[in-house]
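Peer 1: Here it is, the structure in full.
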Amino acid sequence: MAVLQLGSVEIQPLLDAPVLMDPHRFMPQHASRILEEFGHQADARGLFTMAVTCYLVRSAGKTILIDTGLGSRRRPGFPVGRLDGALADAGVAPGDIDLVVHTHLHIDHVGWNTVDRQGGAREVFFPRAEFVIQRAEWDYWMQPERMHEPGNEHLVECVEPLRHTGRIRFVEGEDAIDEHLVFVPTPGHTPGHVAIGIVDGPERGIIIGDASHHPMQLLHPDWSPAFDVDPVLSAKTRDALFDRVIAEGRTLLAGHWPFPGIGRLVRRDGVRVFEPLG
Ligand SMILES: [Zn+2]
């Protein structure tokens, strides 16, 4: 699928990196059931296909990037992102991005905010962009003690440098991004986690961020990843979000589901089913 059109809004999925999910690491408390029930979807090593997908959105005259992937740094346990190449393939230069919108501030969603140039200079990769961030998310992660915890280096490298640029727009709750895009609070994975609703007339979509990581959660919304800050709340949020997507007939855009993670949710024989588009 090249571009999804919802009314006047264009959405292009950009693959930053394919990733393989090990259920023993990702959802250790559910790993044996995952392999029992979904093992046929795993590769020979028991790993499941996932993705780190960002979405390029053209809405109301602006070029908007939803999340910025893993970035260009080598990090143990993560592939190096190639969003820069995906943007170039789409004919988009970093300077063309007007807005970067974050669903949350985890390592695989803020990576390309900055790059380290040869000689050690760190610069913001999108030279004109305004960064739209939920205040609750910023306040949770950017407390000095949390920001400097081992494993949170990405906050220092990719989020902290935005602080003094004058290019952060802090938002709260269900704030609108523009006339077609609005935040949908979906807490649990992180405290300020948001999905992004897209509405233009009768056309509706939703970019769900990390409210779900794999389609197997359609059947088991209570299977929360180990990385969810509040796994009980995230399970409730996930379950309600899936039902809302079905009830409202929204096109679902799920950045961690196998690329491009775009389709419809329907209920068939009482069970939620994903029907991919394209
Ligand atoms: Zn993620």
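No value in this document is a laboratory result; all are computed from the given coordinates. What you see is a predicted model, and the numbers here were worked out from it, not measured in a lab. Because the Cβ atoms are built from the backbone with ideal geometry, glycine has one as well, and the counts that use them run over all protein chains shown.
Peer 1: Ranked from highest to lowest mean number of other Cβ atoms within 10 Å per residue, what is the order of the peptides 70-77, 142-149, 235-242?
Peer 2: 235-242, 70-77, 142-149
Peer 1: Need the full-extension length gain, Lys236 to Phe38, defined as separation in residues times 0.36 nm minus the C-alpha distance. One decimal, nm.
Peer 2: Once the chain is fully extended between Lys236 and Phe38, it gains 69.1 nm.
Peer 1: When N is the residue count of the range 64-159, what does its C-alpha Rg come to as a fraction of 2.2 N^0.38 Å?
Peer 2: My calculation over the Cα atoms of the range 64-159 gives 1.05.
Peer 1: How big is the shadow of the Cα convex hull of the range 106-226, averaged over all directions, in nm²?
Peer 2: Convex hull of Cα atoms, orientation-averaged projection: 9.6 nm².
Peer 1: When the Cα centres of the range 1-59 and the range 72-112 are compared, how far apart do they sit, in Å?
Peer 2: Using only Cα atoms to place each centre, the spacing works out to 16 Å.
Peer 1: Multiplying the sequence separation of Asp243 and Thr49 by 0.36 nm and subtracting their Cα-Cα distance, what value in nm do you get?
Peer 2: Between Asp243 and Thr49, full extension yields 67.4 nm more.
Peer 1: Note the direction-averaged projected area, equal to a quarter of the hull surface, for the Cα convex hull of the chain, in nm².
Peer 2: Average projection, Cα convex hull of the chain: 14.6 nm².
Peer 1: How long are the three semi-axes of the equivalent ellipsoid for the range 19-121, computed from the Cα gyration tensor as the root of 5 times each eigenvalue, in whole Å, largest first?
Peer 2: That gives 31, 17, 12 Å for the three semi-axes.
Peer 1: Kindly state, to the nearest 0.05, the FRET efficiency for Val229 paired with Ala93, given R0 = 30 Å and r defined as their beta-carbon distance. Intermediate results must be reported in sequence, preceding the final value.
Peer 2: Working: r = 35 Å, r/R0 = 1.17.
Efficiency computed from Cβ-Cβ geometry: 0.30.
Peer 1: Counting DSSP beta bridges with both partners in the chain, what percentage is antiparallel, nearest 5?
Peer 2: Within the chain, antiparallel bridges account for around 75 percent of the total.
Peer 1: Only helical DSSP H runs with n ≥ 4 go in: add -39500 (n - 2.57) per run for the chain, normalise by residue count and round the 222 nm mean residue ellipticity to 500 deg cm²/dmol.
Peer 2: Working: 6 runs with 48 residues, N = 278.
Computed mean residue ellipticity for the chain: -4500 deg cm²/dmol.
Peer 1: Okay, moving on. Counting pairs of alpha carbon atoms under 8 Å apart in space and at least six apart in sequence, what relative contact order in percent does the chain give?
Peer 2: Answer for the chain is 17 percent.
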